[in-house]
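Here the structure comes first, spelled out in structure tokens, and everything after it is commentary.
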Amino acid sequence: MAVTIKDVRAICTAPAKIPLVIVKVETSEPGLYGIGCATFTQRWKTVAHAVEHYMKPLLVGKDVSTIEDHWQMAMVSAYWRNGPILNNAISGVDEALWDIKGKMANMPLYDLLGGKVREGARIYRHADGKTLEEVGDRVQAYIEQGVQVVRVQHGGYGGNSGDAVPLSAQRPENAVHGAYYDPLQYQLSVVKLFDYIRNRFGFDVELCHDVHEHIEPIEAIRLAKELEPYRLFFYEDSLAPEQIEWFEIMRRQTHTPIAMGELFNNPREITPLIANKLIDYIRCHVSQIGGITPAVKLAHFCEAFSVRTAWHGPGDTSPVGHAADIHLDVSSWNFGIQEWSGFNDATLDVFPGCPEQRGGYVYPNAKPGLGIDINEELAKKFPCSEELPFWTNSRRPDGSLSRP
Ligand code: GCO
Ligand code: MG
């Protein structure tokens, strides 16, 4: 008698004040359920609605074992496809079904995916600050923890060092409110930042930087070349998804390793960059591409082109999503690096079984499935805010909107 899907629910919680969306799939087997990450934090309520009003009627009563068929059907059941809302809703169900598969097989997900090729996933952490010394002190702290790769930013993305006063002199009259930054000051500050960090720490620590699509393509190419003497581990989101044809020009101009992918939803954004060897690290947000099922296929596709994985791992990936990342990391031969944001105490309490950072690595546990759970009663104590993000209202000095 097949085990079937009995219920599909979205659980929204924000233990670190960042809205997270978890999908719980309950089955006809008493006590057997799975959980998955569906976190698109800026539109958490819409994803939750899609889970409850579209994924649930699509799947209730169906066999839990046919994950691939459910994924293919969910992907096209709305006809229009490859968008962030539905991809995240599908991811939540997909990851929950893999969690159930592992529990039924009594195997951790990494064993279902072919077994470990490494015991832990090497991570990178974020070092930021208003002054160069502050950034350097954060790098020092991570090195002392055993972290070997650090992402350095001076004042967030676009050099928003929190003091926009100089910019106000550049705005036209009646310029609209927004998160202003100055592309020129940002670019000059990045070169100074790397010069300072390399002079202070030498080349034994690996460094990366996130441009966060804040400058024009030709400026991103120039900056990549200016950073060559500082030997980056990778140079991230140097172009916006709408500018991906420029990667071909960038590739011809610089040997700085290129990372891209967190904003991608559609395979057609991804596969040309990999097949043409225009990037070195693929950084997709796993729930944004539809979950574990597509991520496994993407990792295998990348291996043929020597592209390595570096799954997106910010604070707005849930611990369930991080667990899925880590199971993929330890079982993918062409794993590159794992972005890691860490968890506050409330998050650790809401999600028993979180992957653990020890030194410069993060480790999955050996429990069946994803190895993580959610305490629903505790999750209710951390409601999600409906406040819209301010930082995406990113503005150039002349007041025009910039890609955030
Ligand atoms: C990263 C990302 C994040 C995103 C955030 C958007 O490299 O971790 O750029 O910082 O800005 O996930 O919600
Ligand atoms: Mg990024």
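The values are calculated or read from the model by the stated rules, or taken from the named source; none is laboratory data. Note that the structure is a prediction, hence the values are computed from the model and not measured. Note that we place each Cβ from the backbone using ideal geometry, even for glycine, and neighbour counts take in every protein chain shown.
The table for this structure:
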| read-out | value |
| --- | --- |
| Evaluation of Tyr54 against (1) buried (at least 17 other Cβ atoms within 10 Å of the Cβ); (2) closer than 27 Å to Pro355 by Cβ; (3) not assigned by TED's automatic domain parsing to the domain that holds Arg268 (one fails), failing number | (2) |
| Residue check, Lys45 within 16 Å of ligand 1 (Cβ to nearest atom) and either under 30 Å from Gly342 (Cα atoms) or modelled with pLDDT of 95 or more (or both) | yes |
| Strands (runs of 3 or more DSSP E) fully within the stretch 171-265 counting 2 or more residues that are at pLDDT below 95 and more than 21 Å from the chain's Cα centre (by Cα) | none |
| Among the candidates Leu193, Leu207, residue that is more than 16 Å from ligand 1 (Cβ to nearest atom) and over 30 Å from Asn88 (Cβ atoms) | Leu193 |
| Near pairs, Cβ below 8 angstrom, 6+ apart or cross-chain, from the stretch 246-265 (under 27 Å from Asn82 (Cβ atoms) and within 16 Å of ligand 2 (Cβ to nearest atom)) to any residue that is among the hydroxyl-bearing types (Ser, Thr, Tyr) and assigned to a loop (DSSP other than H, G, I, E, B) | Ile258/Ser238; Met260/Ser238 |
| Any hit, the stretch 366-388, residues being buried (at least 21 other Cβ atoms within 10 Å of the Cβ) and over 25 Å from Trp44 (Cβ atoms) | no |
| Selection within the stretch 286-318 - crowded, with 24+ Cβ neighbours inside 10 Å, among the small types (Gly, Ala, Ser) and within 24 Å of His255 (Cβ to Cβ) | Ala310 |
| Wholly enclosed helices (runs of 4 or more DSSP H) of the stretch 315-404 bearing at least 2 residues under 30 Å from Val176 (Cα atoms) | none |
| Leading residue by the ranking (farthest from ligand 1 (Cβ to nearest atom)) among those in the stretch 226-265 that are closer than 16 Å to Arg198 by Cβ and in contact with a helix residue (DSSP H, G or I) (Cβ under 9 Å, 6 or more places away or on another chain) | Pro229 |
| Within the stretch 195-231, considering residues that are within 16 Å of ligand 2 (Cβ to nearest atom) and on the phi > 0 side of the Ramachandran plot, the one surrounded by the fewest Cβ atoms within 10 Å (Cβ to Cβ) | His212 |
| Some residue of the stretch 275-285 being crowded, with 24+ Cβ neighbours inside 10 Å, under 30 Å from Lys380 (Cα atoms) and touching a residue at least 60 places away in the same chain (Cβ under 8 Å) | no |
| Matching residues in the stretch 277-300 - criterion: being in contact with a Ser or Thr (Cβ under 7 Å, 6 or more places away or on another chain), farther than 17 Å from Asn87 by Cα and more than 16 Å from ligand 1 (Cβ to nearest atom) | Ala299 |
| Residue in the stretch 97-151 that is farthest from Gly371 (Cα to Cα), counting only those that are part of a helix (DSSP H, G or I) and aromatic (Phe, Trp, Tyr) | Tyr142 |
| Residues located in the stretch 391-404, provided they are within 14 Å of ligand 1 (Cβ to nearest atom) and either out of contact with any His (no Cβ under 9 Å at 6 or more places or on another chain) or more than 23 Å from Glu216 (Cα to Cα) (or both) | Trp391, Thr392 |
| Yes/no for Tyr186 being among the hydroxyl-bearing types (Ser, Thr, Tyr) and within 30 Å of Pro364 (Cβ to Cβ) | no |
| Selection status of Asp182, buried (at least 18 other Cβ atoms within 10 Å of the Cβ), away from ligand 2 (no atom under 14 Å from the Cβ), among the charged types (D, E, K, R) and more than 23 Å from Gly336 (Cα to Cα) | yes |
| One residue from Pro30, Pro15 being in contact with a Ser or Thr (Cβ under 7 Å, 6 or more places away or on another chain) and assigned by TED's automatic domain parsing to the domain that holds Gly102 | Pro15 |
